[in-house]
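A.B. asks: One structure coming up, written as structure tokens, with questions to follow.
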Amino acid sequence: MSLMAVVFTGILLFAVGAAGFVLRGNALVLLLCIEIMLNAVNLVLAGFSRYLYGTEGQVFIFVIMAAGAAAAAVGLAVVAALRRRLGTADMNRINVLKG
Amino acid sequence: MFSRSLWILPALPALGVLVNGLLGTSWRERRIAVVASGSVGLALAAAVGFLAELLSRPPGERRIAVRLYRWLSEGPLAVDVGFLLDPLSMAMVLVVLFLGFLIHLYSADYMRGDPGFRRYFVCLNLFVFFMLVLVLADNLVVTFAGWEGVGLCSYLLIGFHHERKSACDAGRKAFVVNRIGDFGFLLGILLAAGAFGTVRYGGIAAVLEADPSFSAAVAAAVALLLFVGAVGKSAQFPLHVWLPDAMEGPTPVSALIHAATMVNAGVYLLCRISPLLEKAPAVLPVIAAVGLATALYAALSALGQRDIKRVLAYSTVSQIGYMFVAVGCGLYSAGMFHLVAHGIFKGLLFLAAGAVIHALGGEQDLGRMGGLGKELPAVSLPFLAGILALAGVFPFAGFFSKDAILWGSLGRYGAAFWLAGFAGAVLTALYSAKLLSAFAGREGYPGPLHRPGPVLTMPLAVLGACALLAGAGGLPLFAKDTFFARFLDMPAGVHGAGGPALETALAAGQLIVIVAVLFAATRRFARSRKTPSPALLADGFGIDRIYGLLFVRPLAALARFSFASVERRVVDGAVNGLGALSMALGRASARFQSGLVRRYAASLAAGAFALVGLGLYFSGGF
């Protein structure tokens, strides 16, 4: 398996996540898209780590996974709070950031 | 040692301004009045000390000069803040501080209960400060600074009752008319700086002395320009129009600023530049002519007034005209003597008029006064002394000063000039009689009288005594070097053509005519109080209306036009246009803040892509 295949898969996964984040409306789906983008990065890190025979990349993967898990926990709580407060989790209808 | 501290004279009133102005916000009236009067009183005491110092020196060396610091220097021209105390400025300092002190005392009672009590005393102290700067300055620029300062205080105090529109208008009028004169003054300073390379009075005199072939035309031009400034400040024709209106100010202000001190600054300035005037003999007849015309014109106008303060105002204009006549005859010491005498008796008359107005509850119309002599003896006796001095009755001060001026004018400009001056003196007696009629005859005021207290009448008594005694400065009679002239030590002009016999005869004749006119006219005025005066005299020959037509109306029309077109369209248009532009920009950019998270994320990603793309492109990665 060549490095290129891994990198292109990573780019593809990241693009899928980014497109989903921009296009979809449901807050839960947006969280999933964030996870997809994080894992795309993890994949690329793993690929380079193997290509360069190093371990730093794999260490970073664990860091990112931990950060992602924490982000997901906070994100789920935010989504639940949003839903309870505004009665919806549709990000097209939530514009409380508008000044 | 003592003489080094000349700065103490202006510093004391300035201290009064600071103390009352900064600390006195919640003080009681009494303390404010004590601080204000005390600062002037201390300055007066210091001035008497300086007088003793001057008198202890031999005549030729009576001058104290102090250089405080260099104000500005530009090329060969350097202007120092320096003070000069010689007999000429000493006389002015004493007039300013003596009358200033008495009028401060008087004001403490007169202004009692006024909501602007503190403001009044701050302005009055500030006036005394600037007046001292004007008088003590040893060069034209510092004089000009004081000159403008007293103009400012005059403006502030004329408009003291700023809730009255007429007072504000009068203040503005005084300010604007004075600007015309000050423009001449300023040009004169510039020309003097260019021509002499110095603005110090001593320096100018030294240049003129060292170079006998100095161009008389240049000297005349400088003198004429400075004379224009003097005409404005001293309310001489044709710039006299502001002084009658200036009577809108409180009466003690009229006494101090618009009778005794500030309006005389023009005469003082001309005496200060006497070496220059001597170098430009062509200017002297101009000064004398303007003075004589003003003296006659204002005396006639005074006859037509009903308001007691306006009579006094026109009288002031007229008497200053006599001072200009004296300067125009080269009789500087006679002019200064009349200035001192006039300061005393006109200050007295104004203060007495203030006491009368106070007693009658604000009544200023002479037609409704009468018989006050019996009712207010403490006011009427000093008033009588002032009137006799004003009319020039022996042995009051005005007799000596006016006689010297008339006699000098006969010697210099001939019989016709003398006759006109004498006619002015007769007119003076006529309007003096009109003033006096308020105290004579039957009672004219129906209401109750508020009798003035001792604080009001004490300055009147002091000034009344001075009006009688100041004539002693004019002794020995009919001599060229009177006491006052010897003290001043100024160049004496060419004196009388005839002998002392002629002078004595003339003086006696003048005196008899004046006394007769004064006596007869007082009885006549007291009998027919209500007779209206000719309209021509009452509004000062319509000069105000002529100026209104010639200058005020066109300027007001121009102002309205430029307000409607330039101000509204161009200036306001540009300002409003800028505002509208930024509003539109703001509204357009506000659309980007939608509050939708996904759109923010999209623009973040787009920005990141753009940055990376640009970075790669410029680093040659593609």
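Taken together, the values in this text are just the output of simple stated rules run on the coordinates, not laboratory data. All values reported here derive from a predicted model rather than from experimental measurement. Heads up, the Cβs are rebuilt from the backbone with ideal geometry, glycines too, and the neighbour counts pull from every protein chain shown.
A.B. asks: Determine the dipole magnitude for chain A: charges of +1 sit on the beta-carbon of Lys and Arg, -1 on that of Asp and Glu, nothing else is charged, the reference point is the Cα centre, and the result goes in debye to the nearest 20.
C.D. replies: Details: 7 positive and 3 negative charges, 95 e Å.
Here chain A has a charge dipole of around 460 debye.
A.B. asks: Please name whichever of B:S432, B:L449, B:A588 sits farthest to the positive end of the charge dipole of the protein assembly as shown, dipole taken about the Cα centre and charges placed at Cβ: Lys and Arg +1, Asp and Glu -1.
C.D. replies: Among B:S432, B:L449, B:A588, the one farthest towards the positive end of the dipole of the protein assembly as shown is B:A588.
A.B. asks: Take peptides B:424-434, B:278-288, B:68-78, B:20-30 and line them up by average Cβ neighbours within 10 Å, highest first, as a rough protection proxy. Walk me through the intermediate numbers first.
C.D. replies: Details: B:424-434: 24.5, B:278-288: 19.4, B:68-78: 10.5, B:20-30: 13.6.
Per-residue Cβ counts within 10 Å, averaged per peptide and sorted highest first, yield B:424-434, B:278-288, B:20-30, B:68-78.
A.B. asks: Sticking with this one: Using just the C-alpha positions of the protein assembly as shown as equal point scatterers, what log10 of I(q)/I(0) does the Debye formula give at each q in 0.07, 0.09, 0.11 1/Å?
C.D. replies: Each listed q corresponds, in turn, to -0.56, -0.78, -1.14.
A.B. asks: Which FRET efficiency value, to the nearest 0.05, is calculated for A:F62 and B:L614 with the Förster distance at 22 angstrom and r the Cβ-Cβ distance?
C.D. replies: Numbers: r = 34 Å, r/R0 = 1.53.
After rounding to 0.05, the efficiency reads 0.05.
A.B. asks: Here's a follow-up. Kindly rank B:568-574, B:374-380 from highest to lowest mean number of other beta carbons found within 10 Å of each residue. Don't skip to the answer; put the middle values down first.
C.D. replies: Numbers: B:568-574: 11.0, B:374-380: 18.1.
Ranked from most to least packed, the peptides come out as B:374-380, B:568-574.
A.B. asks: Any idea how far the Cα center of segment B:510-526 sits from the one of segment B:395-441, in Å?
C.D. replies: 12
A.B. asks: Which one of B:A520, B:A259, B:C168 is farthest out on the positive end of the charge dipole of chain B, using unit charges on Cβ (Lys, Arg +1; Asp, Glu -1) and the Cα centre as origin?
C.D. replies: Of the candidates, B:C168 comes out farthest on the positive side.
A.B. asks: Can you pull the one-decimal nm distance between simple spin-label points at B:R30 and A:V74, each 7 Å off the Cα toward Cβ?
C.D. replies: The two pseudo-label positions are separated by 7.4 nm.
A.B. asks: Can you tell me the length gained on complete extension of the stretch B:S603 to B:R553, counting 0.36 nm per residue apart and subtracting the Cα distance? Present the calculation step by step, with values, prior to reporting the outcome.
C.D. replies: On the way: separation 50, 0.36 × 50 = 18.00 nm, distance 6.49 nm.
Once the chain is fully extended between B:S603 and B:R553, it gains 11.5 nm.
A.B. asks: Follow-up. Between B:S533 and B:R587, what FRET efficiency follows from the Cβ-Cβ distance if R0 is 56 Å, with the result rounded to 0.05? Spell out each step's value before the answer.
C.D. replies: Numbers: r = 70 Å, r/R0 = 1.25.
Here the calculated transfer efficiency is 0.20.
A.B. asks: Give the lysines reachable from B:K346 as a straight Cα distance under 20 Å; neighbours fewer than 8 places away on the same chain don't count.
C.D. replies: The reachable lysines, counting only those whose Cα sits under 20 Å from B:K346, are B:K233, B:K309, B:K402, B:K434.
A.B. asks: Next question. Once the convex hull of the C-alpha atoms of segment A:3-86 is built, how many Å³ does it hold per residue, rounded to a whole number?
C.D. replies: Working: hull volume 4.9 nm³, N = 84.
So the per-residue hull volume is 58 Å³.
A.B. asks: Tell me the mean residue ellipticity at 222 nm calculated for chain A from its helices only (DSSP H runs of n ≥ 4, each -39500 (n - 2.57), averaged over every residue, nearest 500).
C.D. replies: It comes out at -27500 deg cm²/dmol, rounded to the nearest 500.
A.B. asks: Taking the dipole about the Cα centre of segment B:3-150, with the C-beta of Lys and Arg at +1 and of Asp and Glu at -1, give me whichever of B:A137, B:G60, B:V93 is farthest to the positive side.
C.D. replies: It is B:V93, whose Cα lies furthest towards the positive end.
A.B. asks: Rounded to the nearest 20 Debye, what is the dipole magnitude of segment B:91-172 about its Cα centre when Lys and Arg each give +1 and Asp and Glu each give -1 at the C-beta? Walk me through the numbers on the way to the answer.
C.D. replies: Details: 6 positive and 6 negative charges, 49 e Å.
Dipole magnitude for segment B:91-172 comes out near 240 debye.
A.B. asks: Just want to confirm a number: the relative contact order over chain B, from Cα pairs under 8 angstrom separated by 6+ residues, in percent. Write out the running numbers ahead of the final one.
C.D. replies: Details: 971 pairs, mean separation 72.7, N = 622.
Over chain B, the number comes to 12 percent.
A.B. asks: Arrange B:W407, B:W147 by Cβ neighbour counts within 10 Å, fewest through most, would you? Please list the in-between numbers first.
C.D. replies: Details: B:W407 25, B:W147 29.
The fewest-first ordering by Cβ neighbours comes to B:W407, B:W147.
A.B. asks: Here's something else I'd like to know. Grab the Cα-Cα distance for B:L190 and B:V48, subtract it from 0.36 nm times how many residues apart they are, and report the gain in nm with one decimal.
C.D. replies: Numbers: separation 142, 0.36 × 142 = 51.12 nm, distance 3.53 nm.
Between B:L190 and B:V48, full extension yields 47.6 nm more.
A.B. asks: Additional query: Under a no-solvent Debye model with one identical scatterer per Cα of chain B, what's log10 I(q)/I(0) at q = 0.12 Å⁻¹?
C.D. replies: So the normalised log intensities are -1.24.
A.B. asks: Stretched out fully, how many nm does the piece from B:A210 to B:L449 gain, at 0.36 nm a residue minus the Cα gap?
C.D. replies: 79.6 nm
A.B. asks: If R0 is 51 Å, what FRET efficiency do you get for B:S5 and B:N576 from their C-beta distance, rounded to 0.05? Can you show the working numbers first?
C.D. replies: Working: r = 58 Å, r/R0 = 1.15.
With a Förster radius of 51 Å, E is 0.30.
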